[in-house]
Amino acid sequence: MTDTTPMTHTPHIEATVVRSAEGPFIGHISVDGSITTIEGRTEDGVRRDIVRAVAGVAQRLSQPVRLVARDSLGVQEVKVSPDGYTEALTPVTPATGNTIDAPTPAEPAPTEALDFDAILGIGGAHNPGQVPAEDDATATQPARRAAAVPELDYLFQETPAQQPDVAPAAPAAAPVVAPQPAVRPVVTLPVAQPVTAAPVAPVTPIVPVQPIAAVPAPPVQSAPAAPESPVAATGNGGLEPLEFVDPLAPVDEHPPTLDDFMAQRPTAPIAPAEYGWQGAVRKASFGLVNPVPGDAELERRRDVAAVQRSFAGPRTIVVINPKGGAHKTTATMLLAATFGEQRGGYTLAWDNNETRGTLGWRARPADHHRTALSLLRDADRFSAAGTASIGDLDEYVRAQGSAQFDVLASDEDPNATELIDAAAFDKLHATLQRFYRLIVVDTGNNMRAENWQAAVAAADQLVIISTVREDTAASAAWLVDGLREKGFGDKVANAVTVLSATSEAPDPQLARRLRGHFGSLTRAVLDVPHDPSLVDGGAITFELLSRRTREAWLKVAATVAQGL
């Protein structure tokens, strides 16, 4: 009989694990009737090989596939994903009788040697050039043929919806021969005595799936080549080899670990919307209506994740522009505040002006007036490991409350004559790195000062700040040229340029010129808006910043963090 049933794109896959007479466990994988055999010392090892092989089929099809598995535990249908993840689709049905150990015949006389492939009708035992001699009744009644082996009777049992059409036998042709493994054990099963007193009641399949023997063989093509791997149907009904993991490759016998278990965790669900109309609808409906977050909110979450990511050690960000009034101090404060709020502390804003800077004036005041010079004098107190803690720094730095960062001010004594040189900067920097994960350094206006050059040399990330003004931008461009001439070209290329608007409507033509110039020299160019709460030059109150300003500096912090 020639079966013209079209093949689908989803192969029918079954696997059976049995124990051979010699002792090792044998696994048979059937993919649309083409069988591959796996041998292993343990049943668990064979199971893992089967899952690997079926996962290879799923990878080839780019979709999960269904597997009907039979072993000592019973029968179960599972879904196997391309990454090897398995999901049970049905509960385990306990097997009736012994499904692992092949039965030993009680007497030699009534036994008959049966090749497993020959039982399944895929042509493994006979000569590929010959057609087995069978009468028409035997060829068209698989249930009667299987009755001699009750243990395999369910493989040939057919439901009314699956009765094949009976047609005259087609002319003999060379059958398609499945690839044979190097060692294919022959299972010897007892032949049941024929029953004549009453008809034998059909055995119900253990699970309601199409049995292996009922899968039709593909049409025989003229001079076909024996397939070298399991096959899948193509759109025109042809055959295409499936590429999957070699089931005969060496298998790691180590049991799965906690890392394997954790790697199979599903992706975390998306948190409910908080902003935009989606967040407003969710809050107004008390969560009964829960729309998906919008693109803007999803981008914001990515920026927060970038700011919060772990670093391989303490990191230093240096804000530079040799011109006064370029918003260096404002940028230092807002960057430190953004990192502090999103990372939860251990962030420091440091005024590295060689004489006197204004960072301490823009910060929230403290109960003391100690500065970087005070810490430099007492640096030996913090040099030995275990002799001091971050709490001991409270009498030198100024905590910024809910913004969760500290400020180390520069010298505020008009009568002081001490200067912070390169050696002093390095000593302070080494001390502060023991207690802070992130240090944002505000610099002075003298590019020739030793502490300015030491800060640039120690920087993990440069931030070039400029207002949208011709003179401030020219100063920043001159700075970039000088850094490249001094051998800091790599740091300039990785730098982030921030253009700060000095009014609600900055010059659009100048802004385009600045973006074009610095965009060709640095890694990124970002705009931050004008905020009236920053105009007076007094202490910065972060609660008064507009939401637009906060979001702009979150984007800056995320971009900076990507370079750390």
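The values are calculated or read from the model by the stated rules, or taken from the named source; none is laboratory data. All values derive from a computational prediction rather than experimental measurement. Methodologically, a virtual Cβ is constructed for each residue, glycine included, from the backbone with ideal geometry; neighbour enumeration extends over all protein chains shown. Accessible surface areas use protein heavy atoms only, side chains included; no ligands, DNA or RNA. Shrake-Rupley method; radii C 1.70, N 1.55, O 1.52, S 1.80 Å.
Quick notes on this one:
- Residue within segment 281-300 that is under 30 Å from Leu479 (Cβ atoms) and in contact (Cβ under 8 Å) with a residue 24 or more places away in the chain present: no
- Here Met447 fulfils each of the conditions (1) touching a Gly at 6+ places or on another chain (Cβ under 7 Å); (2) part of a helix (DSSP H, G or I) apart from (2).
- Segment 276-299: number of residues that are open to solvent by 60 Å² or more (accessible area, probe 1.4 Å) and closer than 27 Å to Thr559 by Cα: 5
- Selection status of Phe542, at pLDDT below 95, open to solvent by 40 Å² or more (accessible area, probe 1.4 Å) and of a type in the set (A, V, I, L, M, F, W, C): no
- Qualifying residue in segment 521-533 (condition: more than 40 Å from the chain's Cα centre (by Cα), in a loop (DSSP other than H, G, I, E, B) and over 21 Å from Val480 (Cβ atoms)): no
- When segment 508-539 is filtered for residues that are under 23 Å from Gly360 (Cα atoms) and either acidic (Asp, Glu) or open to solvent by 80 Å² or more (accessible area, probe 1.4 Å) (or both), the ones remaining, listed by number, are Asp531, Pro532, Val535, Asp536.
- Hits in segment 300-338 (condition: open to solvent by 50 Å² or more (accessible area, probe 1.4 Å) and either farther than 21 Å from Arg437 by Cα or among the basic types (Lys, Arg) (or both)): Arg300, Arg301, Arg302, Arg309, Lys323, Gly325, His327
- Check on Arg437, open to solvent by 20 Å² or more (accessible area, probe 1.4 Å) and out of contact with any strand residue (DSSP E or B) (no Cβ under 8 Å at 6 or more places or on another chain): no
- Qualifying residue in segment 502-525 (condition: without any contact (Cβ under 8 Å) to a residue 40 or more places away in the chain, in contact with a Lys or Arg (Cβ under 6 Å, 6 or more places away or on another chain) and of a type outside the set (Phe, Trp, Tyr)): yes
- Unique match (being within 42 Å of the chain's Cα centre (by Cα), surrounded by fewer than 20 Cβ atoms within 10 Å (Cβ to Cβ), at pLDDT 85 or above and among the small types (Gly, Ala, Ser)) among Ala385, Ala403, Ala422, Ala458: Ala458
- Extreme residue, least open to solvent (accessible area, probe 1.4 Å), among residues of segment 464-476 that are over 17 Å from Pro529 (Cα atoms) and in contact (Cβ under 8 Å) with a residue 60 or more places away in the chain: Ala476
- Filter pass, Leu373 being at pLDDT 85 or above and either part of a loop (DSSP other than H, G, I, E, B) or surrounded by fewer than 23 Cβ atoms within 10 Å (Cβ to Cβ) (or both): yes
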